[in-house]
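Student: My questions will all concern the structure given below.
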Amino acid sequence: MVKLVVVLFLIFIVYNLAAGCYYMLNDHGKTDRVVKALSWRIGLSILLFALIALGIYTGVIQPNTVMHHGG
């Protein structure tokens, strides 16, 4: 379930990045759609980072702790 949420967030982030690029190329600065799309992308990225940090802190997400020692 956690992986699904992370993947969905990443899909929405990439979608908003692509939408911002599309609006930038087609609107030529006449609308604020670029700013809105990129603001959503930034907001979603920050929220995803915070949710991952919270998940690690609460133990819902277990980070990979495999350490390689010399060799």
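The values are calculated or read from the model by the stated rules, or taken from the named source; none is laboratory data. All values derive from a computational prediction rather than experimental measurement. Backbone-built Cβ (ideal geometry, glycine too); neighbour counts: all protein chains shown.
Student: Could we say that ALA19 is among the small types (Gly, Ala, Ser) and modelled with pLDDT of 95 or more here?
Tutor: No.
Student: When you scan region 44-71, how many residues do you find that are in contact with a helix residue (DSSP H, G or I) (Cβ under 9 Å, 6 or more places away or on another chain) and either farther than 19 Å from LEU4 by Cα or surrounded by 12 or more Cβ atoms within 10 Å (Cβ to Cβ) (or both)?
Tutor: Selection size over region 44-71: 9.
Student: Can you go through LEU44, LEU51, LEU25, LEU10 and tell me which one is in a helix (DSSP H, G or I), touching a residue at least 40 places away in the same chain (Cβ under 8 Å) and hydrophobic (A, V, I, L, M, F, W, C)?
Tutor: When all the criteria are applied, what remains is LEU51.
Student: Among the residues of region 22-45, how many are in contact with a Lys or Arg (Cβ under 8 Å, 6 or more places away or on another chain) and either at pLDDT below 90 or closer than 19 Å to PHE9 by Cβ (or both)?
Tutor: Final tally of qualifying residues: 1.
Student: Can you name the residue in region 12-43 that is of a type in the set (D, E, K, R) and over 28 Å from MET1 (Cβ atoms) and is also farthest from the chain's Cα centre (by Cα) among such residues?
Tutor: Going through the qualifying residues, I end up with LYS30.
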